[in-house]
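This report refers to the structure that appears directly beneath it.
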Amino acid sequence: MSYRGALLHLFWRLFTISSRVLSLALFASLFHIYFGIFVVVHWCAMAFWVVHGGTDFCMSKWEEVLFNMVVGIVYIFCWFNVKEGRTRYRMVAYYIVVLAENSVLTGLWWVCIFLHL
C-alpha cells in the first residue's frame, strides 16, 4: 500500500470511528438505559450476522461462537473482514446500518436537547 493509500485509510478509520463514538456518546448522555439496550441489540445483530456468514477461524464450535461474539463487539465501532471473498456488499450493508443508527441516535439527542423533551 502506498503512503497516500495508508494515509487515506487512516483518515477513513479515524473519521468513521470518531463519528460513531460521538453519536453513541451524545445518545448515552441523555438516554442511559436505552443506550445499554441499543448496544446489546446491535451486538446481538452483528454477532448473528457473523454467525450467519459462516466463519471458520477456530478449531472447535465453542471457540468459533466466542470469536463471533467478540467480532460482534468490534462491529459496534468499525467493520473488518472476517470471511474470504468479495467484501463490497457486506461492507456497504454494514456502513448503511451504521449511518442509519448514527443518524437516528444523533437525531434523538438533538430533538431532546433543542426541543426540551
Practice problem: Could you tell me which numbered condition residue 64 fails, if it satisfies all but one of (1) free of Cβ contacts under 8 Å to residues at least 24 places away in the same chain; (2) touching a helix residue (DSSP H, G or I) at 6+ places or on another chain (Cβ under 9 Å); (3) of a type in the set (Asp, Glu); (4) under 22 Å from residue 13 (Cα atoms)? | Solution: (4)
Practice problem: Working only within segment 1-21, note down all residues that are without any contact (Cβ under 8 Å) to a residue 40 or more places away in the chain and within 16 Å of the chain's Cα centre (by Cα). | Solution: 12, 14, 15, 18
Quiz item: Do we find that residue 57 is aromatic (Phe, Trp, Tyr), touching a Phe, Trp or Tyr at 6+ places or on another chain (Cβ under 9 Å), at pLDDT below 95 and surrounded by fewer than 16 Cβ atoms within 10 Å (Cβ to Cβ) in this structure?
Solution: yes
Quiz item: Here are some residues: 111, 104. Which one is of a type in the set (A, V, I, L, M), modelled with pLDDT of 95 or more and assigned to a helix (DSSP H, G or I)?
Solution: 104
Quiz item: Residues of segment 34-64 being part of a helix (DSSP H, G or I) and of a type in the set (A, V, I, L, M), which ones?
Solution: 37, 39, 40, 41, 45, 46, 47, 50, 51
Quiz item: Among the listed residues 15, 11, 67, which satisfies the condition of being surrounded by 12 or more Cβ atoms within 10 Å (Cβ to Cβ) and part of a helix (DSSP H, G or I)?
Solution: 67
Quiz item: What is the one condition in (1) more than 15 Å from residue 20 (Cα to Cα); (2) surrounded by fewer than 16 Cβ atoms within 10 Å (Cβ to Cβ); (3) without any contact (Cβ under 8 Å) to a residue 24 or more places away in the chain that residue 112 does not satisfy?
Solution: (3)
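The values are calculated or read from the model by the stated rules, or taken from the named source; none is laboratory data. Worth saying up front: this structure is predicted, and the values here are computed from it rather than measured. Counting neighbours? That spans all protein chains shown, and the Cβs are built from the backbone with ideal geometry, glycine included.
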